[in-house]
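Heads up, the thing below is written out as structure tokens.
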Amino acid sequence: MTGVSPGRLYLVATPRQDLPEAEFLARVEAALDGGVDTLQLRCKDWEALPYIRLGVKVGVLSRARSVPLFINDRVDVALACGADGVHLGQDDLPLNWARQLAPHLAVGRSTHAPEQALTAVQEQPDYVAVGPVYATPTKPGRAAVGLEYVRWAAQHLQTPWYAIGGIDALTLPDVLEAGARRVAVVRAVLDAPDPAVTAATFRQHLDQWPVSSQEVRHAG
């Protein structure tokens, strides 16, 4: 594992065709100023060059605030734009291969069931994502795992983990009650009327629930 420390509020920033780049960057910047302390750029099905170019611009914003930047799926893009890490799904590059290609990058792994989480933990990622807790258009066709998986993770995982998927201001209290102490969000913050205010509200709720001292981070 790397020296990148997982934060509490993780924004998965996903550009859309109907959102101009300048507005997208402004919303990411506002979310960072509001309290997002871990950031991922997720550009599904993009060619490498535009992905890298946007990653460089997002990286300027994150580095100015000492917030680690992860790139979704693409180790090559993460390397090219100077990101801090890469986030890998279940069907992406195996984690050990990613480490061989870029040993200095932090690595996160998506999981959708306890058996996937247990397998991921053996790979010693910097964090795992647990979800989707609720149905979300970000993952079409992916069934929601519900709060039961969150409760399981709270009882069994010592590796840092984030609850993800359909979490918003209304569902956040239930997710925290189920045992999550870190959450990853997409639309709830980025599409909010004021991303900074919304991020700050999320942080206020999260800060009321301290992270367990039982979390273990392996040196590697």
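The values are calculated or read from the model by the stated rules, or taken from the named source; none is laboratory data. Note that the structure is predicted; figures quoted are calculated from it, not measured. Positions of Cβ are generated from backbone atoms using ideal geometry, with glycine treated the same way; all protein chains shown enter the neighbour counts. Just so you know, the surface numbers come from the protein's heavy atoms only, side chains and all, with ligands and any DNA or RNA stripped out. Shrake-Rupley method; radii C 1.70, N 1.55, O 1.52, S 1.80 Å.
Below, the figures for the structure above:
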read-out: Volume in Å³ per residue [convex hull over Cα atoms, computed for the stretch 92-219]; value: 122
read-out: Solvent-accessible area per residue, Å², over the chain with all protein chains present [probe radius 1.4 Å]; value: 46
read-out: Distance (nanometres) between label positions extended 7 Å along Cα→Cβ at residue 57 and residue 156; value: 4.2
read-out: Along each principal axis, Cα extent of the stretch 1-40, largest first, Å; value: 37, 20, 12
read-out: For the stretch 4-18 versus the stretch 62-94, the gap between their alpha-carbon centres in whole angstrom; value: 11
read-out: Choice from 84, 18, 207 with maximal GNM fluctuation in the chain (Cα, 10 Å cutoff); value: 18
